[in-house]
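What follows is a set of notes on a single structure, which appears directly below.
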Amino acid sequence: SATLHMTDDVTLSILTGMHVGSDPAVGTGTVNQAAGLIDVGDSLTVNTKDTYNLTGGDLSVDGHATVKGELNIDGGTFTLNNNNENISGAGVMKLQSGSFSGSADSSNGQGLQSHIEISGGTFSWLSQVQCTGDAEITVDGDAASITMRHIQTTDAYGSFALTLNYDLNETGVSTITNTSWMFLQNTTINVNGSAYTGGSKDIDLIDGATI
């Protein structure tokens, strides 16, 4: 097993891909980043038994992100720079605080074939998010700010699918703000209101002009 701790305001540049752990697993791999910049020139892979904990600083990835284990964002900023790259893998990316930025404001396609849980912080994915396979987004509670340009799940352009879960807390759930259009033909929306105690009111799940 191995652990990388980054606690100083320095820059670590990785010209090729960064792998946390190995596949098949030999022990466990962990990255604890609390400061500085980790600049990955190609792809980031978090393997099945492994964990990347981002609590401060910046994680910048120029290639795709494969999350087979856990990528936990609880502070700091994770940026997926390339407009045509993907988030894939059977693991989960969790945003609790801090921020995630998917790309520049563009209709270029970025794929989602993984699980994302959003309970706080700022989530901004401003490309065309093409959802395939086991793509799943869970919005937990009402503490997060979520903005997306496009969600694409129509059969007209490919075999797309998304499960979109909303888990209300006592006061509600965060709204996904749509800045352009969304095609939700093959999107399953699940709403769990068992924890809600706020009384009768309208709760917006998605706020957009063209859905």
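The values are calculated or read from the model by the stated rules, or taken from the named source; none is laboratory data. Bear in mind the structure is a predicted one, so any value in this text is a computation, not a measurement. Using ideal geometry, Cβ is built from the backbone for each residue, glycine included, and neighbour counts are taken over all protein chains shown. Side chains included, ligands, DNA and RNA excluded: accessible areas come from the protein's heavy atoms. Shrake-Rupley method; radii C 1.70, N 1.55, O 1.52, S 1.80 Å.
A few comments on the model shown:
- I203 touching a Leu at 6+ places or on another chain (Cβ under 8 Å) and at pLDDT 95 or above: yes
- Qualifying positions in the range 141-159 - open to solvent by 40 Å² or more (accessible area, probe 1.4 Å), modelled with pLDDT under 95 and assigned to a loop (DSSP other than H, G, I, E, B): S159
- Count of the range 103-122 residues which are in a strand (DSSP E or B), of a type outside the set (A, V, I, L, M) and either open to solvent by less than 40 Å² (accessible area, probe 1.4 Å) or without any contact (Cβ under 8 Å) to a residue 24 or more places away in the chain (or both): 4
- Residues within the range 160-173 that are of a type in the set (S, T, N, Q) and either within 22 Å of L71 (Cα to Cα) or crowded, with 22+ Cβ neighbours inside 10 Å (or both), tallied: 2
- Inter-residue pairs, beta-carbon under 7 Å, first under 14 Å from L4 (Cα atoms) and in the range 34-57, second open to solvent by 10 Å² or more (accessible area, probe 1.4 Å) and basic (K, R), 6+ apart: V46/K68
- Total residues in the range 160-182, condition within 19 Å of Q128 (Cβ to Cβ), under 19 Å from the mean Cα position of the chain (by Cα) and assigned to a strand (DSSP E or B): 6
- Residue that is modelled with the lowest pLDDT, among those in the range 178-200 that are buried (at least 16 other Cβ atoms within 10 Å of the Cβ) and within 21 Å of G120 (Cα to Cα): N178
- Hey, T138 assigned to a strand (DSSP E or B) and closer than 26 Å to W181 by Cα or not: yes
- Residue in the range 125-138 that is surrounded by fewer than 18 Cβ atoms within 10 Å (Cβ to Cβ), over 30 Å from G56 (Cβ atoms), free of Cβ contacts under 8 Å to residues at least 60 places away in the same chain and not polar (S, T, N, Q) present: yes
- Single condition I203 does not satisfy, out of (1) aliphatic (A, V, I, L, M); (2) assigned to a loop (DSSP other than H, G, I, E, B); (3) in contact with a strand residue (DSSP E or B) (Cβ under 8 Å, 6 or more places away or on another chain): (3)
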